[in-house]
Amino acid sequence: MEQDRPCAEEPNDPRELDCMYKEADRVYYLFARDCGLSTCAYWMLYDVERAGGTVEMRVLSDSWAYSKQTINSAIKAMEAKGLIELGFVEGSRRNKTVSLTEAGEAFADRYIRPAQQAERRAFCSLTPQERRALLDHARAYTNALVAEMNRIRATAAERNGEGEDA
């Protein structure tokens, strides 16, 4: 079994990155709570607004790692608050759309769009070179993490398969 080796250069511990991600998640959790939404509902509204006010339900499901039940609960809660309405994709009786209502548009004006603008201001506070480096490095790290986690998953699946044959 391959031993974990520290990186050749400092820092050699990804925990600081994990802490930064958790801190960002907490910022969004608190903001969503202040808006009266769950984090999932916040991100669903964020995506609906970013899509121009209407988006297919499957796009929301595909965009996030939330379970279908969590997404459906968030959608129902937003529908109960009058922020969204459900419809059907043109020509379909199965595929649904999520659209902002008039109240949803007002909510987006009050909460979602200002948050998006704050993100943009924060990102643009970095120099163009810093922004490019951040994106490049985050993408490289994410790709490496996905590869490592897929390797672990494949190894676990092989072990589970071996255990069933025994």
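Quick notes on this structure:
- Scanning the stretch 14-41 for residues that are among the aromatic types (Phe, Trp, Tyr) and in contact (Cβ under 8 Å) with a residue 24 or more places away in the chain yields a total of 1.
- Condition check for residue 90: open to solvent by 40 Å² or more (accessible area, probe 1.4 Å), among the charged types (D, E, K, R) and modelled with pLDDT under 95: yes
- Selection count where residues are closer than 19 Å to residue 43 by Cβ, touching a strand residue (DSSP E or B) at 6+ places or on another chain (Cβ under 7 Å) and either outside any loop (DSSP other than H, G, I, E, B) or open to solvent by 60 Å² or more (accessible area, probe 1.4 Å) (or both), scope the stretch 93-126: 7
- Residue in the stretch 26-40 that is acidic (Asp, Glu) and at pLDDT 95 or above present: yes
- Residue within the stretch 63-77 that is surrounded by 14 or more Cβ atoms within 10 Å (Cβ to Cβ), modelled with pLDDT under 90, over 18 Å from residue 106 (Cβ atoms) and of a type in the set (A, V, I, L, M, F, W, C) present: yes
- Residue that is of a type in the set (Asp, Glu), under 28 Å from residue 38 (Cα atoms) and free of Cβ contacts under 8 Å to residues at least 24 places away in the same chain, where the choices are 130, 102: 102
- Some residue of the stretch 97-112 being under 17 Å from the mean Cα position of the chain (by Cα) and at pLDDT 95 or above: yes
- Checked across the stretch 141-151, the condition of being among the β-branched types (Val, Ile, Thr) and open to solvent by less than 60 Å² (accessible area, probe 1.4 Å) holds for no residue.
- Within the stretch 30-44, the presence of at least one residue that is on the phi < 0 side of the Ramachandran plot, under 16 Å from the mean Cα position of the chain (by Cα) and exposed (fewer than 13 other Cβ atoms within 10 Å of the Cβ) is confirmed.
- Test: residue in the stretch 118-131 that is more than 21 Å from the chain's Cα centre (by Cα) and at positive phi: no
The values are calculated or read from the model by the stated rules, or taken from the named source; none is laboratory data. All values reported here derive from a predicted model rather than from experimental measurement. Neighbour counts are summed over all protein chains in view; Cβ atoms, including those assigned to glycine, are modelled from backbone coordinates with ideal geometry. The accessibility values were calculated without ligands, DNA or RNA, using every heavy atom of the protein model including side chains. Shrake-Rupley method; radii C 1.70, N 1.55, O 1.52, S 1.80 Å.
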